[in-house]
Amino acid sequence: MGPLKGQIALVTGASRGIGRAIARRLTRADCDVILLARSESELSELAMDIKTAGREAMAIPTDLRDAQQIERATKKALNYFGRIDLLVNNAGLWHYGEVQDFGIEEWDEMFDVNVRGTFLATKYVLPSMLARQRGHIVNIVSVSGLIGEAQAAGYNATKWAVRGFSYSLLKEVRAKGIRVTVVNPGGVNNNEASDARAARYIQNEDVAELVYLAVTMPPRANLTEATMWAELDETDLLP
């Protein structure tokens, strides 16, 4: 029996990359999962794989920019499973460019998904956790929430925002039985390349293992923040 037997997790951005790896890792620990992302086909494929492996999975295509879709998704999940024990806010996107040339639409899209989406998923899941005085929220942030980078002002700003949101949230809910963890991956092999250089980046599965560690800590302990640097991360990026 896995350490998460009987627990229910909701993972955003679950269709690919880090989110998919997290969903798979949690199910290997006997957790059932709710999968949110925009790609219906990729979500359905992942859900089928998880069900074939013997765990319950619910795929709910959801645009994290849309508050009504997030609210509907969480209500559907809660109606079916009765509760959500773990929330992993992973969905995120990035655009790069110098400030004077940066598109307003790209800026707004990043804040809508990375910051507002995290807030909304938390807002709609949290009441059920508070009612039970038990739960764990993991926010996948980035080392970009620790540093500043040229041509990444918008992306950095969203990650600093989510990190600040996470620490304020922790102070609101820790005494009520809810744990909050910030995970900051460095350079990740998002494209899942298999060449020698890609092997020196953080792999999606590495981040999933860190999330697993955080959510399996004893209830008396809260891993509040963990940062992972890749072998190829520049040393001048270190805070």
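Among the residues of the range 53-94, those identified as modelled with pLDDT under 95 and more than 21 Å from Val115 (Cβ to Cβ) are Ala53, Gly54.
Taken residue by residue, the range 153-176 has no member that is under 21 Å from Leu86 (Cβ atoms), touching a Ser or Thr at 6+ places or on another chain (Cβ under 6 Å) and in a strand (DSSP E or B).
Total residues in the range 194-219 satisfying the condition of being farther than 18 Å from Gln7 by Cα and either open to solvent by 80 Å² or more (accessible area, probe 1.4 Å) or assigned to a loop (DSSP other than H, G, I, E, B) (or both): the figure is 8.
Residue pairs whose Cβ atoms lie under 6 Å apart, sitting 6 or more positions apart in sequence or on different chains, and linking a residue in the range 204-219 that is closer than 15 Å to Arg174 by Cβ to a partner that is open to solvent by 10 Å² or more (accessible area, probe 1.4 Å), are Ala214/Leu223; Met217/Leu223. Among the residues of the range 10-60, those that are part of a strand (DSSP E or B) and either open to solvent by less than 10 Å² (accessible area, probe 1.4 Å) or in contact with a Leu (Cβ under 6 Å, 6 or more places away or on another chain) (or both) comprise Leu10, Val11, Thr12, Val33, Ile34, Leu35, Leu36, Ala37, Ala57, Ala59, Ile60.
Any idea which residue in the range 61-78 is most open to solvent (accessible area, probe 1.4 Å), counting only those that are more than 15 Å from Val11 (Cα to Cα) and not in a helix (DSSP H, G or I)? The selected residue is Arg65.
All conditions but one from (1) more than 18 Å from the chain's Cα centre (by Cα); (2) open to solvent by less than 60 Å² (accessible area, probe 1.4 Å) apply to Val183; the one that does not is (1). Exactly one residue among Lys176, Lys171, Lys159 is of a type in the set (D, E, K, R), without any contact (Cβ under 8 Å) to a residue 24 or more places away in the chain and either crowded, with 20+ Cβ neighbours inside 10 Å or out of contact with any Cys (no Cβ under 8 Å at 6 or more places or on another chain) (or both), and that residue is Lys171. Hey, can you tell me all the residues within the range 55-73 that are polar (S, T, N, Q) and touching a residue at least 12 places away in the same chain (Cβ under 8 Å)? If the condition is that a residue be polar (S, T, N, Q) and touching a residue at least 12 places away in the same chain (Cβ under 8 Å), then Thr62 is the only one that fits.
Could you please find all residues in the range 5-14 being modelled with pLDDT under 95 and under 23 Å from Lys75 (Cβ atoms)? Answer for the range 5-14, where residues must be modelled with pLDDT under 95 and under 23 Å from Lys75 (Cβ atoms): just Gly6. For the range 79-117, a residue qualifies if it is aromatic (Phe, Trp, Tyr) and open to solvent by less than 60 Å² (accessible area, probe 1.4 Å), and the qualifying residues are Phe81, Phe102, Phe111. Scanning the range 193-239 for residues that are of a type in the set (S, T, N, Q) and either modelled with pLDDT under 85 or over 23 Å from Leu10 (Cα atoms) (or both) gives Ser194, Thr235.
The values are calculated or read from the model by the stated rules, or taken from the named source; none is laboratory data. Since the model is a prediction, treat every value here as computed from it, not as a measurement. Note that we place each Cβ from the backbone using ideal geometry, even for glycine, and neighbour counts take in every protein chain shown. Side chains included, ligands, DNA and RNA excluded: accessible areas come from the protein's heavy atoms. Shrake-Rupley method; radii C 1.70, N 1.55, O 1.52, S 1.80 Å.
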